[in-house]
Every structure is written in C-alpha cells, then in structure tokens.
Amino acid sequence: MDIFTNPANNTYVTGITNFFLMPTDSGGIPAVAVSKKASGYINSAYTFLTILIFMTGWDLILAITMAFWHTSGEHSQTPLAALWDSGESMSATMLLGSYCKRVTLGNPREGSMKWKSTDLTWGLPFVFIALVMTLGNAAAGVVVPPQLAMGNVVPPAKDVIFYPDVAHLNRTDDGRAGIAILESLKAPSALLALVTIEVSEATVRKRVHIESGINGDSANVDYDYNVTGVDMGLQNDPKLKLMVKGSCRTDDTWLLNSTDQGDTYRLFGGNDTFEVKYQPEVGLPPMVNFQINRNTGGGSNVSYAMIANTGGLYSYTSGQDPWYATDRAGANGSAAFRVRRKRPALSCWEAKTWHLNGKDVDGSNLATLPGLKLPPLWKDTVFPFEFGDPRVVSVGNAAGLFALKSASYAVAPSFILDAGASGIRDDFERLVLASWVSSRNVLRDTTTYKPLEGMKNVAKGPGGSVEAASAKFVLPSGDVVTLSVRVLISVPAILLFLFIVQQSLSRVLPHSESGLNASSSAENNNDKKLGG
C-alpha cells in the first residue's frame with residue numbers, strides 16, 4: 001500500500017489529445033490521461049469495438065470461404081450453406097461440431113441434408129477456427145480494459161511547477177534565514193514522507209535494504225537503496241537510477257565534555273564543537289541535530305553526524321538504548337525515569353552513483369552521464385541540490401521536531417518519553433525509509449510547494465513561463481486513469497482494416513453464393529431422386 005495526496009485538478013492536464021509518455025521499467029509508453037468517469041465510457045466503447053472485430057473477422061472468414069470454395073462434386077455444398085446461414089461463430093461451432101461427430105460415427109446423413117465423409121478434412125479446421133473466434137469474442141470484454149487502462153498517472157500543468165532559487169537561499173551570510181525559508185518550504189513534503197512510512201512501511205522496505213545492530217552503548221546501521229526514473233515519474237529517462245549507499249556508527253570519541261548543563265561534541269576530528277543541553281526546555285519533544293562535514297574535498301561521498309538531544313528528558317519507562325538509556329529520576333521528577341547524559345553521536349557517510357544504460361557516474365557528475373535526456377532545470381539545478389546532501393539530513397532538517405520516531409510516543413505538552421519503546425535503530429531506519437520516499441517525490445513536490453510572496457521561481461524561463469520540457473514527468477492521482485495510446489489507435493484501426501477487406505471481397509462473394517446455392521439445390525434434387 002502506498003499513500004499520496006491526489007493533486008488538485010488545476011495541477012495536471014487530461015484529455016484524449018494530451019499525449020505523454022508513461023514511465024515503465026522497459027521505457028516510456030505513449031499514453032493519455034482521462035477522468036475516471038470518461039475512462040468508464042471509453043472502456044465500454046472499446047469493449048464493443050473489440051466484439052465487432054471478432055464478428056467482422058468471422059464474417060471475413062466466411063466471405064473468403066464462400067468466394068474461393070470449389071463448387072465441384074468433390075465437396076458437399078449442403079454443410080457449407082448451413083455454415084453460411086449460421087450467422088455467427090458460436091452457432092457455427094455447434095453446427096460443425098455436430099457435423100464432424102456424425103461423419104466420424106459413420107452417419108453423415110441427417111434428414112434432408114447430405115454430408116460427405118470426405119469433407120471431414122475441412123470440417124475439423126473450421127471447428128477450431130469457429131471455436132477460437134467464439135472464445136475471443138467472449139473474452140473481449142475481459143481482455144481489453146486491462147490492456148487499455150495502464151495506471152493512474154497524469155502529466156503536470158507546466159505553469160504550476162515551482163522551484164526556489166536555492167543558490168540565493170542556501171547560504172549562511174544571512175544568519176541562515178534563507179535556509180530556514182527553504183526548510184519551511186519543504187516541511188510539508190518531509191512530513192508526508194514520514195506519514196507514508198507509518199502507513200506503508202512494509203511496501204517501502206521492499207525498496208530499501210537496512211542492516212543494523214546494537215550492543216550496549218554501541219550501534220551500527222548500514223543501508224542502501226535505488227530510486228529509478230520510474231519512481232520519480234521521469235517521462236524521457238525512466239531507466240535512470242540513483243544508487244545510494246551509506247553507513248552509521250556510534251562514536252564515543254566525539255564526546256568532548258559533559259556537565260549537568262549539557263554535552264559538548266567535537267565532530268569529524270576538527271576544531272568545531274557542538275553542544276546540546278542536558279535538560280531541554282519543557283514542552284519540546286526529543287530532537288536530533290544534523291551536521292555535515294563540508295571539508296571532504298567534493299564528490300558524492302559525504303560525511304555527516306547525528307547528535308540526539310534526548311539527555312535529561314523524562315520517561316515513564318526505563319530504557320537501555322544508546323540514545324534513550326535511563327536512570328531513576330528522583331523524588332522531584334515528572335516521571336520515574338530520566339535519560340542519561342553523554343548520549344553517543346552517530347558518525348555517518350553516504351555515497352551516491354547515477355546509472356543509465358550500463359554507464360555509471362559519481363553522484364556529483366549527473367550532467368556527464370551519457371544518453372541523459374533530463375531538461376536543464378532538473379539536470380543543472382534541482383537534482384544537484386536535492387541529492388547533493390544526504391537525503392537523511394534533508395528530510396530530518398525539514399521535519400524538525402518530528403524527525404525522531406520517539407517523538408510519536410511523547411505527547412504534548414510535557415512530552416514525557418516512552419524510553420523503553422524508543423531506540424536509535426527505529427529512529428534512523430525511519431529516516432532512511434522516508435529518504436527513499438522523499439527522493440521519489442522530488443519532482444512531484446515542485447507542484448505542491450507553497451512559496452512566500454515574492455519568491456523567485458527558477459523553473460520559469462526568460463519568457464516568464466515554465467518550459468514544456470520541464471513538465472516531462474508524471475503525478476500519481478486516484479482521480480484519473482492512464483490509457484494506452486497504442487490500444488486506443490490499434491482497436492479501431494484493426495476494425496477498419498477488416499471492414500475494408502470484407503467490403504472488397506463482397507464483389508466476389510455474390511458469385512460464390514449463387515454457385516453455392518445452385519450446387520446445393522442440385523445435391524438436394526439428386527438426393528430426392530435417389531430416395532424416390
């Protein structure tokens with residue numbers, strides 16, 4: 001089970017003339033998207049057209065038979081006339097089946113109709129053909145709808161696409177005001193990714209591989225996942241793949257000092273320090289802080305740290321987890337237990353690789369990938385920023401107070417923990433799973449951002465509108481049905497072709513029918529003379 005919010009009607013385009021490519025693992029399939037109501041009518045119409053194809057095909061088979069059947073005495077014309085009068089394949093199946101049975105059992109005459117045993121050689125193939133046409137006719141209503149309706153995706157309306165000027169906002173010389181704006185802009189999508197995990201964790205876990213272990217105050221987590229162009233909804237690059245691999249370990253050597261006021265950490269072996277308060281302000285849930293090592297010399301292999309701000313929080317239950325280990329709180333505590341000081345930090349790294357058509361490039365060199373068709377907006381601006389930092393960090397920062405799973409158990413206003421049910425492994429795995437969901441939604445999010453007034457939209461070109469190439473992706477929506485253009489065209493085309501062929505043979509058929517009727521009458525007269 002997956003979860004998504006159906007986009008508003010004005011954020012996408014539908015209609016039988018609005019062609020687009022539906023991303024699949026084998027490539028883009030030409031498609032159109034229509035409303036659910038319209039798809040019902042179209043499915044019914046195409047089911048009827050398919051039935052007409054089988055009916056016309058059977059008439060064509062009869063027409064060819066009548067046009068080129070030899071009217072000599074070698075073959076009996078009576079069963080052929082009966083076959084023509086049968087009208088449709090089911091009656092013909094029953095008639096010919098009965099005929100072949102009588103011939104096989106040695107009783108080729110019934111009533112006034114004479115059957116020649118030599119006609120068994122054409123009777124059996126006709127039974128098979130008539131049966132196939134009958135079954136095909138019956139299956140038409142079952143086969144066509146699944147082939148016609150391929151899914152529930154729709155292309156966006158290009159002018160709803162918004163992407164902020166990240167180069168201007170993502171800086172520190174403004175007191176991090178721009179970064180705060182970016183995080184608030186992305187907060188709804190980050191929270192949606194976390195909610196998705198809560199309701200469809202089992203589904204997402206099939207796409208994300210996580211191995212973790214805890215031993216006392218030590219913990220380790222290794223993870224990897226792939227996000228494909230199909231996942232992201234790319235129309236022109238469905239086979240593009242982002243391969244992510246990372247690992248985290250608790251590192252006690254980073255803890256520089258611990259007092260009753262808080263813990264101080266020195267990260268990445270440098271000189272910069274980071275401090276968390278031992279007793280956070282009342283009314284705040286457990287939080288986690290992210291720090292990225294910017295001194296790694298470039299490339300997609302990025303080191304980052306996670307420091308939990310849980311020390312000093314109260315809990316109803318005792319805990320032994322590295323981030324939630326507790327002691328007795330004492331007589332003045334709000335609850336029976338309290339999280340200890342000196343919580344270990346997580347030392348992590350993450351590397352990314354882009355893959356397309358057998359070629360790999362480092363995550364920071366997407367633009368050099370051979371065969372890439374991404375428009376400049378995605379290739380040069382959106383993807384380099386969105387996937388430059390570890391997605392775990394981006395989602396965690398945007399989610400803010402709700403980043404840790406343990407916050408789900410800490411109820412306002414006091415936010416007292418359930419330390420026994422909380423753990424560093426659950427917190428981190430939830431963020432990794434949400435990272436996959438968030439990565440998948442990178443393009444979809446550009447249609448849902450709520451920008452502040454006056455914010456620059458870098459998706460707009462020089463003419464003041466978004467280029468059509470930038471809208472070459474799809475949105476999921478339960479309000480639409482995606483139809484195959486190939487089926488939409490092929491069904492009426494096949495029917496038209498069969499109809500034209502049938503009409504072309506109609507000039508030959510009357511002569512054959514006359515010969516058939518005359519020969520059949522002669523046979524009947526001979527039968528009467530023999531019988532008299």
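The values are calculated or read from the model by the stated rules, or taken from the named source; none is laboratory data. Predicted model, so just to flag it, every value in this text is computed and none were measured. Cβ sites come from the backbone with ideal geometry, for glycine too, and all protein chains shown count toward neighbours.
A few points about this structure:
- When the residues of the stretch 334-362 are filtered to those that are modelled with pLDDT of 90 or more and among the small types (Gly, Ala, Ser), the one that is nearest to residue 264 (Cα to Cα) is 345.
- Against the list (1) surrounded by 15 or more Cβ atoms within 10 Å (Cβ to Cβ); (2) over 27 Å from residue 179 (Cβ atoms), the condition residue 267 fails is (2).
- Number of positions in the stretch 353-366 that are within 24 Å of the chain's Cα centre (by Cα) and either part of a strand (DSSP E or B) or in contact (Cβ under 8 Å) with a residue 24 or more places away in the chain (or both): 8
- For first residues located in the stretch 383-399 and touching a residue at least 60 places away in the same chain (Cβ under 8 Å), partners that are in a helix (DSSP H, G or I) and acidic (Asp, Glu) and lie 6+ apart or on another chain with Cβ distances below 8 Å form the pairs 394/386; 397/183; 398/183.
- Test for residue 215: is it without any contact (Cβ under 8 Å) to a residue 12 or more places away in the chain and not β-branched (Val, Ile, Thr): yes
- Selection within the stretch 238-278: residues that are of a type in the set (Lys, Arg) and assigned to a strand (DSSP E or B). The member of this set that is farthest from residue 375 (Cα to Cα) is 277.
- Within the stretch 465-496, if we keep just the residues that are of a type in the set (Ser, Thr, Tyr) and in a helix (DSSP H, G or I), the residue that is surrounded by the most Cβ atoms within 10 Å (Cβ to Cβ) turns out to be 470.
- Qualifying residue in the stretch 388-398 (condition: within 29 Å of residue 364 (Cα to Cα), under 23 Å from the mean Cα position of the chain (by Cα) and surrounded by fewer than 22 Cβ atoms within 10 Å (Cβ to Cβ)): no
- For the stretch 414-465, a residue qualifies if it is of a type in the set (A, V, I, L, M) and either more than 15 Å from residue 201 (Cα to Cα) or outside the structural domain of residue 166 (by TED's automatic domain parsing) (or both), and the qualifying residues are 416, 417, 419, 421, 424, 442, 443, 452, 455, 458, 459.
- Taking the conditions (1) closer than 22 Å to residue 451 by Cα; (2) surrounded by 14 or more Cβ atoms within 10 Å (Cβ to Cβ); (3) of a type in the set (Val, Ile, Thr) in turn, residue 196 satisfies each one other than (1).
- When residue 327 is tested against the conditions (1) under 25 Å from the mean Cα position of the chain (by Cα); (2) charged (D, E, K, R); (3) under 24 Å from residue 258 (Cβ atoms), the lone failure is (1).
- Contact annotation: residue pairs with Cβ atoms under 6 Å, 6 or more positions apart or on different chains, pairing a residue in the stretch 316-329 that is closer than 11 Å to residue 219 by Cβ with a partner that is in a loop (DSSP other than H, G, I, E, B), are 321/423; 322/217; 322/344; 323/310; 323/343.
- If the condition is being over 14 Å from residue 220 (Cβ atoms) and surrounded by fewer than 24 Cβ atoms within 10 Å (Cβ to Cβ), then the stretch 419-429 contributes 420, 421, 426.
- Residues of the stretch 431-464 satisfying the condition of being among the hydroxyl-bearing types (Ser, Thr, Tyr) and part of a helix (DSSP H, G or I): 435, 438, 439, 446, 447
- If the condition is being in a helix (DSSP H, G or I) and either among the basic types (Lys, Arg) or under 20 Å from residue 294 (Cβ atoms) (or both), then the stretch 367-380 contributes only 379.
- Scanning the stretch 404-430 for residues being closer than 12 Å to residue 322 by Cα and either among the aromatic types (Phe, Trp, Tyr) or assigned to a loop (DSSP other than H, G, I, E, B) (or both) gives a total of 2.
- Close pairs from the stretch 455-472: first of a type in the set (Ser, Thr, Tyr), partner assigned to a loop (DSSP other than H, G, I, E, B) and surrounded by 11 or more Cβ atoms within 10 Å (Cβ to Cβ), Cβ under 7 Å, at least 6 apart: 470/161; 470/375; 470/459
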